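The structure appears right after this line, and notes come after that.
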Amino acid sequence: MKNRLSEYKTLIFDCDGVILNSNRVKTQAFFAASKKYGDKPAQALVDYHIENGGISRFKKFEYLFTNILERTFTEFELNSVLTDYAERVKNALLECEIAQGLKQLRQLTHSSKWLIASGGAQAELREVFQKRNIDGYFDAGIFGSPTAKDDIVQEQLANNNIEAPVLFLGDSKYDHVVADKFNFDFVFITKWSEFADLNSYADEHGLEKVETLGDLAI
């Protein structure tokens, strides 16, 4: 980090693998929701999902039909598989582990804005965060798909909801790509990440890594 943690005016968080230990849950749900098209296509979707962490479920299921199954699809069919996936994920999000040290980190950055920019469904995220009593930490808002993560950031910058200097906390390559696009500082949160090349990628780009958000609060 180029600044002390308390000097950042805005902290942007990914959700899955950063705030919630939910990456594995979602990976399993992608396989289960697409299994009716065959195990091989389902596994291909899982591989694509893991390689493209942070991209919305809408884009990933469109990829299933267009690039893996190589066929057209109806809006009804896409909505059906999205609903199946969402039902499998929702209950798990209400039960999975929340990052330790979240409260302490908020206290250390009490003058900073906190914002979620996630590939997860926005309405689902807001409901889950409210039910788990962590929505109040994110005073600058909880945002997700179908709006793409870089578009979320662009919109919130235009609304003056993001103030520099900014620190982005993520667990995927895409998280860093978005942060780099807007010249934000970035830290990888590693413990729950499914990004197989995280260590080599972080070293190549000179990026800081910590296991959990709680480590930032130490």
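The single condition among (1) loosely packed, with under 14 Cβ neighbours inside 10 Å; (2) in contact (Cβ under 8 Å) with a residue 24 or more places away in the chain; (3) touching a Lys or Arg at 6+ places or on another chain (Cβ under 9 Å) that residue 211 does not meet is (2). All of (1) closer than 17 Å to residue 174 by Cα; (2) more than 23 Å from the chain's Cα centre (by Cα); (3) of a type outside the set (Lys, Arg) hold for residue 14 with one exception: (2). Looking at region 47-77, which of the residues that are without any contact (Cβ under 8 Å) to a residue 40 or more places away in the chain and buried (at least 19 other Cβ atoms within 10 Å of the Cβ) is nearest to residue 144 (Cα to Cα)? Ranking the qualifying residues of region 47-77, first place goes to 60. Scanning region 163-182 for residues that are of a type in the set (A, V, I, L, M, F, W, C), exposed (fewer than 15 other Cβ atoms within 10 Å of the Cβ) and under 16 Å from residue 54 (Cα atoms) turns up just one, 177.
Selection within region 98-132: residues that are of a type in the set (S, T, N, Q) and in a helix (DSSP H, G or I). The member of this set that is surrounded by the most Cβ atoms within 10 Å (Cβ to Cβ) is 122. Would you be able to say whether some residue in region 78-97 is on the phi > 0 side of the Ramachandran plot, charged (D, E, K, R) and surrounded by fewer than 13 Cβ atoms within 10 Å (Cβ to Cβ)? Taking every residue of region 78-97 in turn, none turns out to be on the phi > 0 side of the Ramachandran plot, charged (D, E, K, R) and surrounded by fewer than 13 Cβ atoms within 10 Å (Cβ to Cβ). Within region 202-211, the only residue that satisfies the criterion of being over 8 Å from residue 190 (Cβ atoms), assigned to a loop (DSSP other than H, G, I, E, B) and of a type outside the set (A, V, I, L, M, F, W, C) is 206.
Every number in this text was worked out from the coordinates using simple rules, so none of it is lab data. Just so you know, these numbers come straight off a predicted model, no measurement behind them. Here Cβ is always computed from backbone atoms with ideal geometry, including for glycine, and neighbour counts include all displayed protein chains.
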